[in-house]
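One structure below.
The values are calculated or read from the model by the stated rules, or taken from the named source; none is laboratory data. Since the structure is predicted, the reported quantities are computational estimates derived from the model, not experimental observations. Ideal geometry is used to build each Cβ from the backbone, glycine not excepted, and the neighbour counts take in all protein chains shown. When the accessible area is computed, the model is the full protein with side chains, heavy atoms only, and any ligands, DNA or RNA have been set aside. Shrake-Rupley method; radii C 1.70, N 1.55, O 1.52, S 1.80 Å.
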Amino acid sequence: MSRFALNRCYSRYLSRLKPLTTPPFFSSSAASNRDGEYQTGPPPIRVGLTESAGRAVFATRIIGAGDLIHTAKPVVAFPSLLKLDSVCYLCLKKLMGSAKFEDRGVSYCSQECQENSKGFLDVERRADWSSFVEYCRTHNFKYPLMVKRLCCMIISGALSADCLDILQPAVLSSEMISKIEDGYVLLWNAFRKANFKDDDVSFLTKQWYTAILARIRINAFRIDLVGGSCGEDLLSLAAASVEGEGAVGHAVYMLPSFYNHDCDPNAHIIWLQNADARLNTLRDVEEGEELRICYIDASMGYEARQTILSQGFGFLCNCLRCQSAD
């Protein structure tokens with residue numbers, strides 16, 4: 001690939017460090033300035049309501065261009081089926097050589113991740129998921145796998161069944177609901193055949209499963225890792241991401257899910273080493289200004305952006321860029 005082509009990939013890559021697709025627990029840390037010095041206290045933001053877009057995130061002080069706003073850990077994450085052998089089963093960090101920990105057929109980047117996974121993995125290993133995974137693989141579904149992990153975390157006591165209720169759900173078509181029901185049956189049968197107690201899976205109704213998938217579908221972020229081995233430069237990583245090789249999985253967060261969309265955003269979300277998200281400013285932000293990220297590839301034309309946002313997210317964008325049909 002030529003240097004010119006790599007530079008084009010790099011430009012596209014920067015625009016794709018956004019979600020393709022959103023308070024009880026934020027799991028977010030304070031911000032830092034552009035010199036990397038962490039500020040004391042909570043992140044310089046607040047969550048408020050808007051008349052047109054519902055919940056939104058606003059700056060509580062001036063934030064400089066390039067500053068870290070806050071970080072966030074996922075509520076639930078799951079690796080891509082294509083990456084199961086090459087990323088950590090918990091945090092999605094890329095596994096390098098022999099620096100990994102094996103546990104019952106899956107790999108972790110550290111003993112800490114292995115320990116933190118023990119609860120849901122003990123639940124998961126009690127059932128046969130082959131039919132459910134094959135269903136997801138055949139239909140190229142990723143979000144049902146996140147629901148499976150969420151179920152195991154709920155049964156283990158790590159999360160509550162209503163942990164994502166605060167997030168906005170997607171509008172599902174009748175055809176989509178029909179496919180969702182097929183997945184629900186396979187998931188339920190896996191737990192039933194493993195002889196889980198009724199009390200353990202009482203939350204797992206068809207209505208709950210459909211509602212959770214509707215929330216995950218519109219709030220999940222595709223994780224594109226910037227970090228890699230020491231021998232990889234940023235342009236190589238950019239090219240891999242543009243070709244779809246950089247995505248290692250998907251995750252749902254709490255606070256980042258409250259950021260609204262803009263085709264000319266003043267903030268963006270990136271992942272450096274694992275599924276821990278970093279929200280950074282793209283330009284100077286004034287106190288009281290709403291912080292917005294781009295849900296899609298910002299380099300697309302007006303018509304393409306409107307189509308994807310309408311079909312995938314259920315709204316027509318009316319940002320300043322779209323008002324000018326740019």
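The table for this structure:
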| item | result |
| --- | --- |
| Test set (1) surrounded by 20 or more Cβ atoms within 10 Å (Cβ to Cβ); (2) within 16 Å of Pro74 (Cβ to Cβ); (3) not charged (D, E, K, R) - Asn116 fails condition number | (1) |
| The listed residue being under 15 Å from the mean Cα position of the chain (by Cα), modelled with pLDDT of 50 or more and of a type in the set (Ser, Thr, Tyr), out of Ser52, Ser29, Ser80 | Ser80 |
| Tally, over the stretch 171-197, of residues that are small (Gly, Ala, Ser) and surrounded by fewer than 19 Cβ atoms within 10 Å (Cβ to Cβ) | 4 |
| Test: Pro74 is outside any strand (DSSP E or B), open to solvent by less than 60 Å² (accessible area, probe 1.4 Å) and at pLDDT 95 or above | yes |
| Sole residue being among the β-branched types (Val, Ile, Thr) and either at pLDDT 95 or above or open to solvent by less than 40 Å² (accessible area, probe 1.4 Å) (or both), chosen from Thr60, Thr40 | Thr60 |
| Any hit, the stretch 179-194, residues being of a type outside the set (Asp, Glu) and over 27 Å from Gly105 (Cα atoms) | yes |
| Unmet criterion (only one of (1) open to solvent by less than 30 Å² (accessible area, probe 1.4 Å); (2) of a type in the set (Lys, Arg); (3) within 14 Å of Asn274 (Cα to Cα)) for Lys93 | (1) |
| Number of the condition not met by Thr281 [criteria: (1) closer than 19 Å to Met146 by Cβ; (2) touching an Asp or Glu at 6+ places or on another chain (Cβ under 7 Å)] | (1) |
| Near pairs, Cβ below 8 angstrom, 6+ apart or cross-chain, from the stretch 131-143 (surrounded by fewer than 12 Cβ atoms within 10 Å (Cβ to Cβ)) to any residue that is modelled with pLDDT under 95 and in a helix (DSSP H, G or I) | none |
| Number of the exception - Gln111 against (1) open to solvent by 50 Å² or more (accessible area, probe 1.4 Å); (2) in contact with a helix residue (DSSP H, G or I) (Cβ under 9 Å, 6 or more places away or on another chain); (3) within 23 Å of Val248 (Cα to Cα) | (2) |
